[in-house]
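Peer 1: Quick one: the structure is below, questions incoming.
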Amino acid sequence: MADRTLDDEAQGADDGVDARWVCAQADRFGLEFVPGGGALLRGVSLGAIAEAVGTPTYVYDAEGVRERISRLRSALSGRRHGSAQAPDPLICFALKANSSLALLRVIAREGVGADIVSGGELARALAAGIPPHRIVFSGVGKTDAELDAAIAAGIRSINIESAEELQRVMARATAAEARVPVSLRVNPDVDPNTHPYLATGLRQSKFGIPMVQAPELAMRAHRHPHLRLVGLACHIGSQIADIAPYRESIMHLRRMIGTLRDQGVALAHLDLGGGLGVAYREGEPELDVAAWGQAVRVETDDLGLQLAVEPGRWLVADAGVLLTRVIGRKRGEAGAFVIVDAAMNDLLRPALYEAYHAIVPVRTVAAGAPTHRVDIVGPVCESGDFLGLGRRMVAVETGELLMVMDAGAYGMTMASNYNTRPLPAEVLVDDGRFAVTRPRQRVEDLLAQEQLPDWLT
Ligand code: LLP
């Protein structure tokens, strides 16, 4: 029976805005709600997963990721306008969005490459079976050790971010007696019209080489005996819903490619970065990927370069849910709280960006059940520890399972041990079955990673 005080707050016959959206978008999430039962992800009961594995747990949908890879491929295929000039684009999944080894293996088997930003991500990409010739290395601060590892692995391109980094790559390439493929990551000073933390291609941002410096650095890279300047790269931001900022950066890149051609430098590769936006809630604009793919091909095909794109979020966000259980409910003076066992350490996005994630019960909710306004919060000792504020949802019981939607991107990869909370478990659902791909961390594991100095033992 629902809490009486919460019942008093009932706001009428409405399943709650998230529940309505998730039901309407069930296909997108690979979900089915069984009447009288609960949510099935590709036929696998999320309740059964929580029963077996506990909570909080990230659950990923392998088939959902494959579907998105195939949609992105056909968006970029260029068949619609019949140009055969340019080779097939390469999709390099941005590992920072989700670096689960099992999911990366699924992605690797689809022939997708990787965009990495650290030595750790390089090791993961290789361990997952992504071939080096499909790996590009972005990132504003690469250490010598990371550069050496990338050079030794023989990756497709190191994307250079500054004059100083170019100097260092030259030194490392010379020391390795290698000929290292590099691209310049330029900063086209384009406003992607997104959350300020997610814009990376503005003049004031720390990313990329300013356009004015780029031609000279390109010539330096081109002339160096141990480097091979293969291309240009740019990434202007994340969660971009419009095609226009992409068009604008392509325009800048084309100008630069022209300047280099005039100086006798022919490139092979053009990396447009990631940033493809998804809708996290009803009515939120999202990128029309088919139109984007076509626009990108139309505006780059005549260059005859191989395109690379670095999507993270778009490939995996919808294909992951975070399962969490209600620990308790509480009424404050200003409203009601549902306290769940997932917190900001498990899913940081709401706390860090005030990001919205739809949250719905796993059980199938009767249409027209009354809803209440609640804040869904975690147990961490911070007021910023919330998963959703002011949500209208049906009354939930303590012990009940909820799912946080669109948690497949930047969920587990941004999780921490804050409040000495062990990292959640990860589960992969594929072909009607599921497997734990990362067991829940234990407090013992955390303590075992530390050591006391001799004078304190
Ligand atoms: N390439 C580069 C060089 C990047 O820096 C990023 C993301 C991507 C590709 C992939 O972007 P995507 O396609 O996922 O938008 N933690 C934030 C997102 C930070 C994105 C950082 N860079 C969030 O949770 O929204």
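Peer 1: Output the 0 to 90 degree angle, nearest 10, between the alpha-carbon long axis of helix 214-223 and the longest principal axis computed from the alpha carbons of the chain.
Peer 2: Rounded to the nearest ten degrees, it is 60.
Peer 1: When only Cα pairs under 8 Å and 6 or more residues apart are kept, what is the percent relative contact order across the chain?
Peer 2: Once normalised by length, the contact order is 23 percent.
Peer 1: Rank-order 351-361, 228-238, 207-217 by packing density, defined as the average count of other C-beta atoms within 10 Å over each peptide's residues, highest first.
Peer 2: So the order, starting with the most tightly packed, is 228-238, 351-361, 207-217.
Peer 1: According to a simple spin-label model (label point 7 Å from Cα along Cα-to-Cβ), what is the distance in nm between V265 and E177?
Peer 2: 2.8 nm
Peer 1: From largest accessible area down, sort E248, E32; use a 1.4 Å probe on the protein chains.
Peer 2: Largest accessible area first, the residues go E32, E248.
Peer 1: May I pose another question? How high is the relative contact order of the stretch 181-248, in percent, counting Cα pairs under 8 Å that sit 6 or more residues apart?
Peer 2: So the answer I get is 47 percent.
Peer 1: By per-residue mean of other Cβ atoms within 10 Å, what is the highest-first order of 68-77, 171-180, 270-279?
Peer 2: 270-279, 68-77, 171-180
Peer 1: Further question: Where does helix 144-153 land angle-wise versus the long Cα axis of the chain, in degrees 0 to 90, nearest 10?
Peer 2: 80 degrees
Peer 1: Divide by every residue of the chain the summed helix terms, -39500 (n - 2.57) for each DSSP H run of at least 4, and state the resulting mean residue ellipticity at 222 nm, rounded to the nearest 500 deg cm²/dmol.
Peer 2: The helix contribution divided over the chain gives -8500 deg cm²/dmol.
Peer 1: Also, I was wondering about something else. Amide H to amide H under 5 Å from A114: which residues, 5+ apart in sequence or cross-chain, H placed 1.01 Å off N in plane?
Peer 2: Answer set, sorted by chain and number: F93, I135, V136.
Peer 1: Taking all protein chains together and a probe of 1.4 Å, list C381, C92 from the most accessible to the least accessible.
Peer 2: Descending order: C381, C92.
Peer 1: Here is a further query. Once you have the Cα-Cα distance between Q25 and S70, take 0.36 nm times their residue separation minus that, and quote the gain in nm to one decimal.
Peer 2: Net length gain for the segment: 14.3 nm.
Peer 1: Given an 8 Å cut-off on Cα distances and at least 6 residues of separation, report the relative contact order of the stretch 63-316 as a percent.
Peer 2: For the stretch 63-316, the relative contact order is 24 percent.
Peer 1: Right, next: Identify the GluC sites (Glu not before Pro) of the stretch 40-133 meeting these criteria: DSSP loop state and at most 11 other C-beta atoms within 10 Å of the C-beta.
Peer 2: For GluC sites (Glu not before Pro) across the stretch 40-133 that sit outside H, G, I, E and B with at most 11 neighbouring Cβ atoms in 10 Å, the list is empty.
Peer 1: While we're on this one: Roughly how big is the chain's charge dipole about its Cα centre, with Cβ charges of +1 (Lys, Arg) and -1 (Asp, Glu), in debye to the nearest 20?
Peer 2: Using Cβ point charges on Lys, Arg, Asp and Glu, the chain gives about 1200 debye.
Peer 1: Please report the antiparallel percentage of DSSP beta bridges with both residues in the stretch 63-316, rounded to the nearest 5.
Peer 2: The answer is about 5 percent antiparallel.
Peer 1: Taking the Cα centre of the stretch 312-366 as the origin and placing charges on Cβ (Lys, Arg +1; Asp, Glu -1), which of G328, Y353, G312 is farthest toward the positive end of the dipole?
Peer 2: G328
Peer 1: Okay, moving on. Under the 0.36 nm per residue contour assumption, what length would be gained going from the current alpha-carbon distance of Q441 and E110 to full extension?
Peer 2: 116.2 nm
Peer 1: Once a ≥ b ≥ c are taken as the square roots of the eigenvalues of the Cα gyration tensor of the chain, is the result rounded (a/c under 1.5), prolate (a/b larger than b/c) or oblate (a/b not larger than b/c)?
Peer 2: Cα axes put the chain in the prolate bin.
Peer 1: Please compute the length gained on full extension between Y353 and K330, using 0.36 nm multiplied by the number of residues separating them and subtracting their Cα-Cα distance.
Peer 2: Gain on stretching Y353 to K330: 5.8 nm.
Peer 1: Using only Cα atoms, tell me the angle between helix 289-300 and the longest principal axis of the chain; keep it within 0 to 90° and round to the nearest 10.
Peer 2: Once rounded, one gets 10 degrees.
Peer 1: Also, quick follow-up: Using the heavy atoms of the protein chains alone and a 1.4 angstrom probe, what is the accessible area of the chain per residue in square angstrom?
Peer 2: Ligands and nucleic acids excluded, the result is 42 Å² per residue.
Peer 1: Here's something else I'd like to know. Give the lysines whose C-alpha is closer than 24 Å to that of K96, dropping any in the same chain fewer than 8 places away, or say none.
Peer 2: Within the straight-line cut-off, K96 pairs with K142, K206.
Peer 1: Please arrange K206, K330, K142, K96 by accessible surface area, largest first, computed with a 1.4 Å probe and ligands excluded.
Peer 2: I get K206, K330, K96, K142, largest accessible area first.
The values are calculated or read from the model by the stated rules, or taken from the named source; none is laboratory data. These numbers were taken from a predicted model, which means no experiment stands behind them. Cβ sites come from the backbone with ideal geometry, for glycine too, and all protein chains shown count toward neighbours. Note: accessible area is taken over every heavy atom of the protein model, side chains too, but ligands, DNA and RNA are not part of it. Shrake-Rupley method; radii C 1.70, N 1.55, O 1.52, S 1.80 Å.
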